[in-house]
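Please read the structure below before turning to the comments.
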Amino acid sequence: MLKPLLAAIKRSAVVWSTACTAVAFTGLAFNSHAAIPAGGEDPVKPLTEVADLRYGVALYHYYQKDYFNALTELQMAEYQGGIQGHGVNPKIIEGGISLAFGMQTTAGHIFNTLLDSEQSAQAHNTAWFYLAKLAYMRGYWSDAQSYLDKLDPETMGQAMRDEAESIAINLLIRTENYSEAIERVDQLPKEFPNWGFLHYNLASAYGRQQRYEDAILYYEPVYDKPVTTASADPNVALALQDRARTAAGYSLLATGNYFRAYNTFNQVRLEGGQANQALLGSGWAAFNQNKLNQALAPWQELLRRDSVSPEVQEAQLAIPYAYEKLGAIGEALLAYSNAETAYEQELGRISEAREQLNSANLLEILGLTASGNSSWLEGVEPDTAGVINYLHKLIAQNQFQTQTQRLRDLQGMKDRLDSWQQKLDNYEELTQARVAFRIAQRENIEQLDYPAIMKALYEQQWQLQNEIDRISTQKDYLAFTEQAQKALTERAENALALSQELAEDIPAEQAEKAQLLYGLLYWQQAQNYHANLYQAQGNLATVNAEIKQMGEAYDRVRGLVDNADDLAPMAGRLAAMQSRVAGEQAQLDGTMSKLSDELTATLLTELNGQQARVNFFLAEARLAVARLYDGRALSPEDAPISDGISGEGEQ
């Protein structure tokens, strides 16, 4: 779907390639050929690099199909000064994502602002077409028409032109402009993509006005058109034909043409979605021709189906009525009794469904999950189980789908706010931890008394420097002597001094030995003096460097502690954000509660209607049993006449 959409945009305007990519990926395409330009233009190649990092982050989320975060990044970038180097490209992406999220007003404002005369006609058509589609789906008829009026048919691709024509005709039907709708429908070739749907919608509009003859004229072409394997979607075409035949059958019943109605109902597929309505109508068409055995056959087929269906419930009452007409009173009594039991069981299930609606989460009941990336143009598909079995007709309505989509989006927003609140709590904990760490650092510095330590080190450094200078100046060869060697040298020096003092009293040989020993030891120390002095001076330089580094490190730590950013403003901002998120959560909870209550009330009203119908059937069955036991003969007022289920519907 991406390439046809990209192909609709002017190749020289990169902004539009990204815009249509956004439209495609968020599910906005009416069909896979909606944006093929005239002339078979080649698709536009996507951008391979970005000039603004914030735009790159938005694109990353976008290509991950995380449209909520992509939109958030775009809006945050705009708040912080805008994205540079990409023109209006980011705004077009924002418009496309906004449109997919059902934000029609926002998207319309963006497109109105940016779609100026410098943009291509294909770009104009693409934007206004999807705005028209969304407005139509939400029931904004005048808005949808105003968007369609902005389209340029001369520059539109054929597929988009066909889809726009379909929306335009449906708008005429919706606004009851039937004469123009008929004129445009009659001009359509049978090959027109939505030809069958448009005929069906027009016929249904006539049916709502009880103009059954006119309705039949437009139902018949729908199911008379052959369906082949070459059709665009044979399954959809067959389902539409079933709907048209069922609706036409009831229109024929309303006009008293029972024979044609019977034949029309019997052409509906038994496995299709219209089978129950067709079986019920077939039975009444045969019944009204006094063909009671033929009437019983489709009704008995209905008894083998789910009793939730209104058609099955009506058949449970119609069958014993037919038995009465046939004179089979015993069979009629048994069938009425079985119907009474079935209705009582059905009333119990409806009560359980009502309790479920009142006690459970509505989205869970509908089987829908909240999503930040759900598209308003894709609709909702509830589960087909539990309470939903009673509500299919209601759930299929556009208004209910719109409300359900709103609730799902609100739940998605609530989930995100809850996530943000948790993140803010985490940030608050981190900020508090940083404050505590700084306090601990300050206390640690104060306890260790770094100034006193540094002062003592500098004093020791000064003493060591003076000692080395003295050794160097005085040529103190013995200053670097080991303790044992130094003691030996001192003994030799004392011996020499004593020999000199007692020179006349000791032999000359002993005095010479003392002189030799002292000279040898002194010579050894003199040999190592320069190496030892050089090493001492090197060690002093190392000590000086380490003391200097320690001082600088202390100054840095002291500076970090004293001059670090004040965390109080950050804590204040976090507190403000927490308060804001909490407020929005409360507002969102209120909105969700109100919307959920409205939807639940709508669902309960539908259940109440079904309960009233079953109660009516139950009362009729009980009255019939009493009447039969009383021996009273049938009268025309006793007939359980069908409610004439209509075949209304729309594409």
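The values are calculated or read from the model by the stated rules, or taken from the named source; none is laboratory data. Keep in mind that this is a model prediction, so the values were computed, not measured. Glycine gets a Cβ as well: all are built from the backbone with ideal geometry, and neighbour counts include every protein chain shown. Side chains are part of the model used for accessible areas, which takes the heavy atoms of the whole protein and leaves out ligands, DNA and RNA. Shrake-Rupley method; radii C 1.70, N 1.55, O 1.52, S 1.80 Å.
Per-structure values
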read-out	value
Qualifying residue in the stretch 415-436 (condition: touching a Phe, Trp or Tyr at 6+ places or on another chain (Cβ under 8 Å), at pLDDT 80 or above and either over 30 Å from GLY559 (Cα atoms) or open to solvent by less than 60 Å² (accessible area, probe 1.4 Å) (or both))	yes
Identity of the residue in the stretch 576-596, among the polar types (S, T, N, Q) and open to solvent by 70 Å² or more (accessible area, probe 1.4 Å), that ends up nearest to the chain's Cα centre (by Cα)	GLN587
Scope the stretch 127-137; condition touching a residue at least 60 places away in the same chain (Cβ under 8 Å) and over 16 Å from PHE111 (Cβ atoms); matching residues	MET137
Lone unmet requirement of (1) modelled with pLDDT of 90 or more; (2) farther than 20 Å from GLN209 by Cα; (3) open to solvent by less than 50 Å² (accessible area, probe 1.4 Å) for MET156	(1)
Failed item in (1) polar (S, T, N, Q); (2) in a helix (DSSP H, G or I); (3) within 19 Å of ALA261 (Cα to Cα), with GLN210 passing the rest	(2)
Number of the condition not met by PHE400 [criteria: (1) among the aromatic types (Phe, Trp, Tyr); (2) part of a helix (DSSP H, G or I); (3) under 20 Å from TYR67 (Cβ atoms); (4) modelled with pLDDT under 70]	(3)
Output for the stretch 244-263, where each listed residue is surrounded by fewer than 24 Cβ atoms within 10 Å (Cβ to Cβ) and touching an Asp or Glu at 6+ places or on another chain (Cβ under 8 Å)	THR255
The stretch 138-159: number of residues that are within 23 Å of THR105 (Cα to Cα) and assigned to a helix (DSSP H, G or I)	9
Matching residues in the stretch 562-575 - criterion: being at pLDDT below 80, part of a helix (DSSP H, G or I) and surrounded by 11 or more Cβ atoms within 10 Å (Cβ to Cβ)	LEU567
Test: residue in the stretch 438-461 that is within 30 Å of THR600 (Cβ to Cβ), of a type in the set (A, V, I, L, M, F, W, C) and modelled with pLDDT of 80 or more	no
Some residue of the stretch 639-646 being at pLDDT 80 or above and surrounded by 14 or more Cβ atoms within 10 Å (Cβ to Cβ)	no
Residue in the stretch 160-171 that is more than 30 Å from VAL227 (Cβ to Cβ), of a type outside the set (Gly, Ala, Ser) and without any contact (Cβ under 8 Å) to a residue 24 or more places away in the chain present	no
Members of the stretch 160-202 that are closer than 25 Å to LEU131 by Cβ and assigned to a loop (DSSP other than H, G, I, E, B)	THR175, GLU176, ASN177, LEU188, PHE192, PRO193, ASN194
Test: residue in the stretch 539-561 that is modelled with pLDDT of 70 or more, more than 30 Å from TYR450 (Cα to Cα) and hydrophobic (A, V, I, L, M, F, W, C)	no
Residue check for ALA205: touching a helix residue (DSSP H, G or I) at 6+ places or on another chain (Cβ under 7 Å), among the small types (Gly, Ala, Ser) and open to solvent by less than 40 Å² (accessible area, probe 1.4 Å)	yes
Total residues in the stretch 280-311, condition open to solvent by 20 Å² or more (accessible area, probe 1.4 Å) and assigned to a helix (DSSP H, G or I)	8
Residue under evaluation SER179, criteria (1) among the small types (Gly, Ala, Ser); (2) under 32 Å from the mean Cα position of the chain (by Cα); (3) more than 16 Å from ASN112 (Cα to Cα), criterion not met	(2)
Total residues in the stretch 457-467, condition free of Cβ contacts under 8 Å to residues at least 24 places away in the same chain and either touching a Pro at 6+ places or on another chain (Cβ under 9 Å) or surrounded by 11 or more Cβ atoms within 10 Å (Cβ to Cβ) (or both)	2
Identity of the residue in the stretch 522-552, touching a residue at least 40 places away in the same chain (Cβ under 8 Å) and polar (S, T, N, Q), that ends up least open to solvent (accessible area, probe 1.4 Å)	GLN525
Only one of GLU355, GLU271, GLU344, GLU314 that is surrounded by 15 or more Cβ atoms within 10 Å (Cβ to Cβ) and either at negative phi or assigned to a helix (DSSP H, G or I) (or both)	GLU314
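For every residue, the table says whether it meets (1) open to solvent by 40 Å² or more (accessible area, probe 1.4 Å); (2) under 23 Å from VAL268 (Cα atoms); (3) modelled with pLDDT of 90 or more.
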position: SER146; (1), (2), (3): yes, no, yes
position: ASP149; (1), (2), (3): yes, no, yes
position: ILE167; (1), (2), (3): no, no, yes
position: GLN210; (1), (2), (3): yes, yes, yes
position: GLU213; (1), (2), (3): yes, yes, yes
position: LEU217; (1), (2), (3): yes, yes, yes
position: ALA237; (1), (2), (3): no, yes, no
